[in-house]
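Comments concern the structure below.
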């Protein structure tokens, strides 16, 4: 059985009840460009060729209000995880930037293959990893 082709991940989503805090963290602290924002419902950020979608779970469970955009209601509870691929030589720079901003480094991990990741929490409690892409070999 052959499978139709997949090009890669186009977008992924995290959930946060405070879209302003998400914008300050991902846009301000990390520097991701904003693609779109819809009030307190969502904010989208460009990440390389893909997009990080941050949705307010209290808003996305409601039926769509715009018939021209019939996206089904969705949402989740609890913290999610997102990993940003960064050059290995930039991990210490990201660690320093997070610490300067008062963001706790939860883990600074050297993988068995020699690659490294650091982990922090965004304001909504999502786990955000900055990793050398070599963690996946």
**Message:** Let me check the size of region 97-137 from its C-alpha atoms; what are the radius of gyration and Dmax in Å?
**Reply:** 11.1, 32
**Request:** Rank the residues 98, 1 as a footprinting-exposure proxy: fewest other Cβ atoms within 10 Å of their Cβ go first.
**Result:** 1, 98
**Request:** Quickly estimate the mean residue ellipticity at 222 nm for the chain, helices only: each DSSP H run with n ≥ 4 gives -39500 (n - 2.57), and the total goes over all residues, rounded to 500.
**Result:** -3000 deg cm²/dmol
**Order of 71, 103 - criterion: other Cβ atoms within 10 Å of each residue's Cβ, fewest first** = 71, 103
**Fill in**
Hydrodynamic calc, region 1-64: Kirkwood Rh from Cα pairs, then Stokes-Einstein at 4 °C with viscosity 1.567 mPa s, so D in µm² s⁻¹ is 102
**Asked** Restricting to the chain, what percent of DSSP beta bridges are antiparallel, rounded to 5?
**Response** 65
**Asked** Relative to the first principal axis of the alpha-carbon coordinates of the chain, what is the inclination of helix 91-100, with its axis defined by its Cα atoms, in degrees from 0 to 90 and to the nearest 10?
**Response** 70
**Message:** Along the Cα→Cβ direction, 7 angstrom out, place labels at residue 1 and residue 46. What is the inter-label distance in nm?
**Reply:** 3.9
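Every number in this text was worked out from the coordinates using simple rules, so none of it is lab data. As the structure is a computational prediction, the values presented were derived from the model and not from experiment. Positions of Cβ are backbone-derived with ideal geometry, glycine not excepted, and every protein chain shown enters the neighbour counts.
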